[in-house]
1. If the chain between HIS70 and ALA122 were fully stretched, how many nm would it gain, using 0.36 nm times the residue separation less the Cα-Cα distance?
2. Indicate the gyration tensor shape class of the range 1-82 (rounded, prolate or oblate), computed on the Cα atoms with a ≥ b ≥ c the square roots of the eigenvalues: a/c under 1.5 is rounded; otherwise a/b larger than b/c is prolate and the rest oblate.
3. Of the options ALA112, ILE154, ALA122, report the single residue whose Cα projects farthest towards the positive end of the charge dipole of the range 97-159 (beta-carbon charges: Lys, Arg +1; Asp, Glu -1).
4. If you wrap a convex hull around the Cα atoms of the range 97-159, how much volume per residue is inside, in Å³?
5. Only one of the values (i) 17.6, 53; (ii) 16.4, 50; (iii) 17.9, 62 was calculated from this structure for Rg and Dmax of the Cα atoms in Å; name its label.
6. Please report ARG85, ARG227 as a ranked list, fewest other C-beta atoms within 10 angstrom at the top and most at the bottom.
7. So, in Å, what gap is there between the alpha-carbon centers of the range 72-137 and the range 180-232?
8. Just want the ordering: LEU128, LEU80, from fewest to most Cβ atoms lying within 10 Å of their own Cβ.
Amino acid sequence: MAEEKSIIFFDGVFKIYTESSAALKNLTLRVRPQEFICLVGQSGAGKSTMLKLLLAEERPTSGRVYFDGHDVAGLDNGSLINVRRRIGAVFQDFRLLTGKTAFENVAFVMEACGKSDDEINADVPQVLNLVGLSEKTNHFANELSGGEKQRVAIARALVNRPDVIIADEPTGNLDPINSREIVGLLEKINQLGTTVLLATHNKEIVDTLGMRVITMDKGEVVRDEQRGKYML
């Protein structure tokens, strides 16, 4: 069983798709509450598989994945929905609803969770202000720059006050200036108490952050340093 101090615990996890292809090999890894972790490695190293297992989009071939002490693969649908609401996700391709405004994109996830209009009208402006988009509230997604779209995506991930933010290559489609701003925003969110898992290929960002760096290769952790650098 996972220790209380770990909000995420991969316990001897294997994920095997074919006999010749193991996406994860005996992965044992703890993430403590309020940590900021950079997850690095070549494409195919196992980073995305880890994130899918955490969200129970995939199930381990063997071993267990715990979130806050709960074996996610063993949860019923209702409990799994509750766990997923405690994990916000941000992706490289933004995944915004193009026919909706910034406000409506963020409100949508609150509506899906059954929140009231009063709660939505109170919380959405607050979170858009946090990500620096108060003046873009009524702009449609296709009227926003790439950096602004990613800020909306972060606001959407934040609005239900998750314990963990998963950011999977969030700067992959952004220029260096916007990339630094987005990572700075993730740092701010982390300082407010949210655990952040940042999967990235951006060496400059990883080296500048000076946070815990976990390096993956062929499904295994090959390096885990508390104040690490980007080394493949």
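1. Values: separation 52, 0.36 × 52 = 18.72 nm, distance 3.15 nm.
Taking HIS70 through ALA122 to full extension adds about 15.6 nm, to one decimal.
2. Working: a/c = 1.76, a/b = 1.25, b/c = 1.41.
Judged from the Cα gyration tensor, the range 1-82 comes out oblate (a/c at least 1.5, b/c at or above a/b).
3. ILE154
4. Details: hull volume 4.3 nm³, N = 63.
Once divided by residue count, the hull of the range 97-159 is 68 Å³.
5. Checking each listed value against the structure points to (i).
6. On the way: ARG85 15, ARG227 9.
Lowest to highest Cβ neighbour count: ARG227, ARG85.
7. 24
8. Details: LEU128 24, LEU80 17.
Ranked by crowding around the Cβ, least crowded first: LEU80, LEU128.
Where a number appears in this text, it was derived from the coordinates with a stated rule and is not lab data. All figures in this text were calculated on a predicted structure; none of them were measured in a lab. Note: ideal-geometry Cβ built from the backbone for every residue, glycine included; neighbour counts use all protein chains shown.
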